[in-house]
Amino acid sequence: MLVIITLVLQGIGEVKENLSTTQMLKGILDGCLLAIIKDKEVYGYELAEKLESYGFHSFSEGTIYPLLMRMQKEELVTTTLKKSTAGPRRKYYSLTPKGEAELEMFIERWNYLQTNVNRVLRHESNSEHPKGDETDE
Amino acid sequence: MNSELKLSDKSREFLDHLRLYLFSSGKHSDEIEEIVEELEVHLFEAEKNGKPIEKIIGKSPKEYMEMVSNEMATDYRSWIKTISLIVFGSFSFTIFSDLMKGDLSYSVLEIVGHLFIGAVFIAAIATGFKYISAANPSIKKQGLLVTAIMILPIALFVGLIYANRTIDTPVIHFGSTASLIIGGITALFIIGASFWAKTWILLIVVALLTLPDFLLGLTPLTHEAQLMISPWITFGGIGLYLWLSLSWSRKNGK
């Protein structure tokens, strides 16, 4: 297990400076939001529903708003208010050129990370070398 | 704010608490309205689809409020405005009632103490409101806390008066011209602040606290009679003003 963690951290370290686990997860959610927004202009509730439809069930929907606020501050997304047929005004998000570039970078980082992790997992589970410390679990 | 949106009491309460929390954290008021409105729409649609509020904001409203607050810039300018309004507002009461008695003179301790009490009062309001909105204690506890915050500056002022009697600090005397200038500046400040805050309460309270004594002094009434009448005018006047402005705002609300 330690080998995996070290390798993963190394992998990220090469792409970007060392990140903590929470930052890493946050970054992943950021990337997913950018990808969904790029596809189509969306408002908050729609965005949360989409994330859930892709399998992210356990997160609190409201967590997307602080992330969106930061992305707006960093000029990755812009917003427009539109009146819906149901009544309430909805805030729609769309990507800026800077946001599209950030998404490209995220995809690159993610592919790199994914390839390395997969490689590690395949190697570690296929080879049947004796493992010294399996006391946990 | 979409006031026509039908929301559960729990969601409505959360939004009110969030607004109060962000306000006492000194965030820009238009940014507060923006995020509150966005969450209101989200909660509205979530409730329509039968989702509980916990699915949106998680198990701890406090943590969620902190998370939102961390992403918002602090509005120092309007903070400074509010602080100076409270500090100078409380100065103006003292200055006017002292002016009616003659030239101004204050000890250094009085001036510093005044500023200190203003700062403590503001800090107490900010932390108190933040606590109420995030931890959501029982109504009884909320009442006790608010009462304690309101009593705090009064207790400190009483303490300051005592301290001023026992501790000798240099006293600054203002001549009659200087006193008049200070009075003029204070008057301008009160009028300006009233325009800015769009309420005449400060002006009316100051006038009702200082003018009755002064005007009654011009009448041939005995000193005892003046002492008896003056507080009635003051408190009656403040009560009348509050009652009038309440019925006025009710009429406008309809």
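Helical runs (DSSP H, four residues minimum) scored at -39500 (n - 2.57) apiece and divided by the length of chain B put the mean residue ellipticity at 222 nm at -27500 deg cm²/dmol.
Considering only Cα atoms, the convex hull volume of segment B:65-166 works out to 124 Å³ per residue. Computed from the C-beta positions of B:ILE139 and A:THR85, the FRET efficiency with R₀ = 51 Å rounds to 0.80.
When only alpha carbons are used to place a centre, segment B:184-198 and segment A:51-81 end up 43 Å from one another.
When all alpha-carbon pairs of segment B:171-223 are counted, what percent fall beyond 19 Å? Mind showing how you got there, number by number?
Values: 665 of 1378 pairs.
Result: 48 percent of Cα pairs exceed 19 Å.
With K and R counted +1 and D and E -1, the other residues having a Cβ less than 14 Å from that of B:SER11 yield a net charge of -3.
Below 15 angstrom from the Cβ of B:SER107, what's the summed charge of the other residues (Lys, Arg +1; Asp, Glu -1)?
-3
Normalising the Debye intensity of chain B to I(0), with uniform scatterers on Cα atoms only, and taking log10 at q = 0.07, 0.10 Å⁻¹ returns -0.36, -0.69.
Taking a sphere under 14 Å around the Cβ of B:ALA148 and counting the other residues whose Cβ falls inside, with K and R at +1 and D and E at -1, yields a net charge of +2. So if the hydrodynamic radius of segment B:116-254 is defined as the Kirkwood radius over C-alpha pairs, what does Stokes-Einstein give as its diffusion coefficient at 20 °C and 1.002 mPa s, in µm² per second? Answer, rounded: 112 µm²/s. Cβ-Cβ distance of B:GLU13 and A:ALA101, R₀ of 41 Å, FRET efficiency by 1/(1 + (r/R0)^6): the value works out to about 0.50. Per residue, the convex hull spanned by the Cα atoms of the protein assembly as shown amounts to 251 cubic angstrom.
Distance from the Cα centroid of segment B:52-76 to that of segment B:85-137 is 31 Å (rounded to whole angstrom). Using a Gaussian network model of chain B in which every pair of alpha carbons under 10 angstrom is joined by a spring, one finds that among B:THR222, B:THR234, B:THR82 the greatest mean-square fluctuation is at B:THR222.
A short reminder: the numbers here are calculations on the coordinates, not readings from a lab. Being a predicted model, the structure only gives us computed values, none of them experimental. Glycine gets a Cβ as well: all are built from the backbone with ideal geometry, and neighbour counts include every protein chain shown.
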